[in-house]
Structures are given as structure tokens and as C-alpha cells.
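Structure, as C-alpha cells:
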Amino acid sequence: MAVRKHRLARTPAPPTKMNRAVFDTNVLVSGFLSPHGPPGRIVEGLRAGIFQAVLDDRIIHEYSEVLAR
């Protein structure tokens with residue numbers, strides 16, 4: 001008697017929901033300067049891919065202006 005190998009039907013994993021948000025410039029700067037406080041945890045969440053920053057040209061311009069100070 002021959003043994004039949006069955007292939008398991010693989011269904012793709014459901015996409016994970018990522019938290020998308022606009023982050024205040026002061027929160028990001030504080031997070032970089034003080035990584036152990038709440039703003040630091042937000043920056044770490046961005047780095048880890050837990051959060052996704054929603055950006056447009058105006059926000060990027062504001063980040064650039066603040067970081068240039």
C-alpha cells in the first residue's frame with residue numbers, strides 16, 4: 001500500500017494592524033533626548049515597527065525646521 005503525503009493548505013496570515021498616527025514634533029525630540037520616558041517609548045515603538053508615522057510635506061517640513069535648531 002502506498003503512503004500518500006498530503007500537503008497542508010497554507011493560508012496567508014492575516015495582516016497585522018499597525019497603529020498609525022501623526023506624532024508631535026516635541027514628543028519625538030523629547031523621545032530622542034530622553035529614551036526612558038513616555039516619549040522615548042513612542043520613539044522605540046516607531047523603531048520596532050509597532051507604530052507607523054503618518055507624514056505629509058507639511059509635517060516633514062516642521063520636523064526639519066525643529067531639528068535644525
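Annotations
- Full-extension gain in nm, residue 24 to residue 46, via 0.36 nm per residue minus C-alpha separation: 6.6 nm
- Using θ = phi - 60° in the Karplus curve 6.51 cos²θ - 1.76 cosθ + 1.60, the 3J(HN,Hα) couplings for region 19-34 round to 6, 9, 7, 9, 9, 4, 4, 5, 5, 5, 4, 4, x, 6, 7, 9 Hz; x is entered for Gly and Pro.
FYI, it's all coordinate maths here, none of it is from the lab. Everything numeric in this text was worked out from a predicted model, so none of it was measured.
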